[in-house]
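*Asks:* For reference, the structure I am asking about is given below.
The values are calculated or read from the model by the stated rules, or taken from the named source; none is laboratory data. Please read all numbers here as calculations on a predicted model, not as lab measurements. We place every Cβ from the backbone using ideal geometry, glycine too, and count neighbours over all the protein chains shown.
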Amino acid sequence: MHMGMVIDLKKCIGCHSCAVACKLNNNLPEHMWWNRVLTKGGETMDTADGTYPDKLNLQHLPVNCQHCADAPCVKACPTGASYKAEDGTVLINYDKCIGCRTCMAACPYDARSFNWKEPTYPLAHAVGEADAPKHQAHIVEKCTFCANRRARGEVPACMELCLGRARYWGDLDDPDSEVRRVMQGRRKMRLLEEKGTNPSVYYLL
Amino acid sequence: MSKKNTKIALAALCVLGAACYLLQFVLGEDITHMNNFVPWGLYIVGFMCFTGLAAGALLLIGLAWLTDGLAELRPYTRILLICGVLCGLAGAGAFIFVDLGNPQRGIYMMLSPNPTSPQVWDAAVLSLYGLTGILLGRQAWLIAQGRRTAASMRPLALLAVIAGLLVIVTSFAFALMVAAPSWNEPGEPLSFLFAAAIIALAVLSLVLLHLSPLPACWASRRWSAAGHGSGRGTKTEQVSRKETFHNQRCAWPSLLGFEQEKQQGEDKA
């Protein structure tokens, strides 16, 4: 089994709903985003690339952990806190993380974030799932493809809230899975393939 | 700056550093202003400098005891051992301890080490530095007491050279990082090796600057250079200059092989 995600960039409208869904469902502390929507070109978020009027181009790129098959973060982690789960996802055992941040330096996608201090929250109460991950100070965290939801048979939270229905989720090893079917006949890419990380997130162009 | 002022300035820096070190422990990593896109900062730089110092010092100590050509360096190996290997390890430990988010969990590096992680091998190499340093110190002490011959140092000297060369393992933490193109290149291990030797020599020079009456010795050398054009002088002047160096216990000429070359030249003549 090799769980993966396909994101159809033709359907992505850049609404950042997936980022918000991720933030709420996982009760993420302030300043932490496991899932970000980047903008190609443009100087700041959500600004177009090129020059007015005919060479303008606006392209969004949602980026979460790519759950690489040859994950450099897993290779770099000295204690084995970052590990490859049996279903092909990359997970972190928070209680074994010594906070050396080698995995963050090793990740080419900047997908990982560190709790630089005791986590603080914008709201006085916890939000999201009851079994959302417990955040600790001085450990590295990242997208888990919503491991707690998947354990109940649900899909990752970013998929549910995606307005353009641009995200697909399933087993990349299964030829009949939805992720494999939507990729047929489409041009696709993976991020920074030349780094040899073999990511499990595909983008349809 | 006079020596007294230097000491006061250094002491003030030590107090400031200790205060900041404690502050970091109380307030957490947030005060370093590192962020998720710059996860490593000056602590790692300090760690690398001190690791390089320990490795370079071991390399120099090992070479000095291994080859007779560098025998004149041997008196300085004790300084290198204390100010290079031991202080280097202490400094590296202090830097990495404050850089780690949860240093108390470092035990997992032994309980469940990840063999593909360069950090695990780096920790092993640092332990080897410590062990080699202690053994070298014991042997040097025994030799100074006259209970061992200088030749008995050779196996340990070989171990020290090997341990020093293993500084390239430290570089793997950077060289194997595909995410950082400027680190991920084959020259990285070599640059670590050269940097280690250079930083050890630099620290040795700095320490000697404060231990020996160097300025006076330098002045005498300059005076003789100014007085005799080429600076070489006549043979008797050379000999007397040599004696001056010896009387003042000047470190520089023997450290740079200056006297040895001259000695050989005189023997030929």
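*Asks:* Kindly establish whether B:Ser171 is polar (S, T, N, Q), assigned to a helix (DSSP H, G or I) and touching a Pro at 6+ places or on another chain (Cβ under 8 Å).
*Replies:* yes
*Asks:* Which one is nearest to the other protein chains (Cβ to nearest Cβ), of the residues in the range A:84-99 that are crowded, with 18+ Cβ neighbours inside 10 Å, farther than 21 Å from B:Thr170 by Cβ and without any contact (Cβ under 8 Å) to a residue 60 or more places away in the chain? Step through it out loud before you land on a result.
*Replies:* If we filter the range A:84-99 for residues that are crowded, with 18+ Cβ neighbours inside 10 Å, which is where we start, we get A:88-92, A:96-99.
Pick out the ones that are also farther than 21 Å from B:Thr170 by Cβ and you get A:88-92, A:96-97.
Next, only the ones that are without any contact (Cβ under 8 Å) to a residue 60 or more places away in the chain stay: A:90-92, A:96-97.
Values: A:Val90: 13, A:Leu91: 14, A:Ile92: 13, A:Lys96: 5, A:Cys97: 7 Å.
Filtering the range A:84-99 for residues that are crowded, with 18+ Cβ neighbours inside 10 Å, farther than 21 Å from B:Thr170 by Cβ and without any contact (Cβ under 8 Å) to a residue 60 or more places away in the chain, the one nearest to the other protein chains (Cβ to nearest Cβ) comes out as A:Lys96.
*Asks:* Follow-up. So the check is Cβ under 8 Å with 6+ separation or different chains; which pairs have a first residue in the range B:1-21 that's modelled with pLDDT under 95 and a second one that's of a type in the set (Val, Ile, Thr)?
*Replies:* Within 8 Å, the pairs are B:Tyr21/B:Val98.
*Asks:* Suppose the filter is within 14 Å of another protein chain (Cβ to nearest Cβ), aromatic (Phe, Trp, Tyr) and in contact with a helix residue (DSSP H, G or I) (Cβ under 6 Å, 6 or more places away or on another chain); does A:Trp169 pass it? Outline the logic, then answer.
*Replies:* Working: within 14 Å of another protein chain (Cβ to nearest Cβ): no; aromatic (Phe, Trp, Tyr): yes; in contact with a helix residue (DSSP H, G or I) (Cβ under 6 Å, 6 or more places away or on another chain): yes.
Answer is no for this residue.
*Asks:* Could you check how many residues of the range A:113-126 are facing chain B (nearest Cβ under 7 Å) and touching a residue at least 40 places away in the same chain (Cβ under 8 Å)?
*Replies:* Of the residues in the range A:113-126, 1 are facing chain B (nearest Cβ under 7 Å) and touching a residue at least 40 places away in the same chain (Cβ under 8 Å).
*Asks:* Then there's this: Evaluate the range A:179-192: report whether one residue or more is in contact (Cβ under 8 Å) with a residue 24 or more places away in the chain, in a loop (DSSP other than H, G, I, E, B), over 19 Å from A:Ile7 (Cβ atoms) and within 14 Å of chain B (Cβ to nearest Cβ).
*Replies:* Among the residues of the range A:179-192, not one is in contact (Cβ under 8 Å) with a residue 24 or more places away in the chain, in a loop (DSSP other than H, G, I, E, B), over 19 Å from A:Ile7 (Cβ atoms) and within 14 Å of chain B (Cβ to nearest Cβ), which makes the answer no.
*Asks:* Next up: For the subset of the range B:103-127 comprising residues that are among the small types (Gly, Ala, Ser) and in a helix (DSSP H, G or I), which member is nearest to the other protein chains (Cβ to nearest Cβ)? Steps first, answer last, please.
*Replies:* Within the range B:103-127, the first condition is being among the small types (Gly, Ala, Ser), and the residues that meet it are B:106, B:112, B:117, B:123-124, B:127.
Now narrow it down to the ones that are in a helix (DSSP H, G or I): B:106, B:123-124, B:127.
On the way: B:Gly106: 6, B:Ala123: 8, B:Ala124: 11, B:Ser127: 14 Å.
Taking the candidates together, the pick is B:Gly106.
*Asks:* Condition first: buried (at least 17 other Cβ atoms within 10 Å of the Cβ) and either free of Cβ contacts under 8 Å to residues at least 24 places away in the same chain or outside any loop (DSSP other than H, G, I, E, B) (or both). Now tell me which residues in the range B:86-102 satisfy that.
*Replies:* First, the residues of the range B:86-102 that are buried (at least 17 other Cβ atoms within 10 Å of the Cβ): B:86-89, B:91-92, B:95-96, B:98-102.
Matches in the range B:86-102: B:Leu86, B:Cys87, B:Gly88, B:Leu89, B:Gly91, B:Ala92, B:Phe95, B:Ile96, B:Val98, B:Asp99, B:Leu100, B:Asn102.
*Asks:* Among (1) at pLDDT below 90; (2) within 17 Å of the chain's Cα centre (by Cα), there is one condition B:Ala219 misses while meeting the rest; what is its number?
*Replies:* Only one criterion is unmet by B:Ala219, namely (2).
Here's the yes/no breakdown for (1) over 20 Å from the mean Cα position of the chain (by Cα); (2) under 14 Å from B:Ala55 (Cα atoms):
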residue	(1), (2)
B:Pro113	yes, no
B:Gln145	yes, no
B:Ala150	yes, no
B:Ala160	no, yes
B:Leu166	no, yes
B:Ala179	yes, no
B:Ala197	no, yes
B:Val207	no, no
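*Asks:* To continue, here is another question. Touching a Phe, Trp or Tyr at 6+ places or on another chain (Cβ under 7 Å), away from chain A (no Cβ under 14 Å), modelled with pLDDT under 90 and closer than 27 Å to B:Val167 by Cβ, is that true of B:Arg74?
*Replies:* Numbers: touching a Phe, Trp or Tyr at 6+ places or on another chain (Cβ under 7 Å): yes; away from chain A (no Cβ under 14 Å): yes; modelled with pLDDT under 90: yes; closer than 27 Å to B:Val167 by Cβ: yes.
Yes.
*Asks:* For the range A:2-16, how many residues meet the condition of being in contact (Cβ under 8 Å) with a residue 24 or more places away in the chain, more than 13 Å from A:Pro156 (Cβ to Cβ) and out of contact with any Phe, Trp or Tyr (no Cβ under 6 Å at 6 or more places or on another chain)? Talk me through it step by step, then tell me what you get.
*Replies:* First pass over the range A:2-16, keeping only residues in contact (Cβ under 8 Å) with a residue 24 or more places away in the chain: A:2-15.
This time we only want the ones that are more than 13 Å from A:Pro156 (Cβ to Cβ), so: A:2, A:8-15.
If we keep only those that are out of contact with any Phe, Trp or Tyr (no Cβ under 6 Å at 6 or more places or on another chain) too, we end up with A:2, A:8, A:10-15.
Counting residues in the range A:2-16 that are in contact (Cβ under 8 Å) with a residue 24 or more places away in the chain, more than 13 Å from A:Pro156 (Cβ to Cβ) and out of contact with any Phe, Trp or Tyr (no Cβ under 6 Å at 6 or more places or on another chain) gives 8.
*Asks:* So, one more: Give the residues of the range A:139-159 that are in contact with an Asp or Glu (Cβ under 9 Å, 6 or more places away or on another chain) and surrounded by fewer than 16 Cβ atoms within 10 Å (Cβ to Cβ), sorted by residue number.
*Replies:* Residues satisfying the conditions are A:Ala151, A:Arg152, A:Glu154.
*Asks:* Looking at (1) free of Cβ contacts under 8 Å to residues at least 60 places away in the same chain; (2) buried (at least 20 other Cβ atoms within 10 Å of the Cβ), which is the one condition that is false for B:Val178?
*Replies:* (2)
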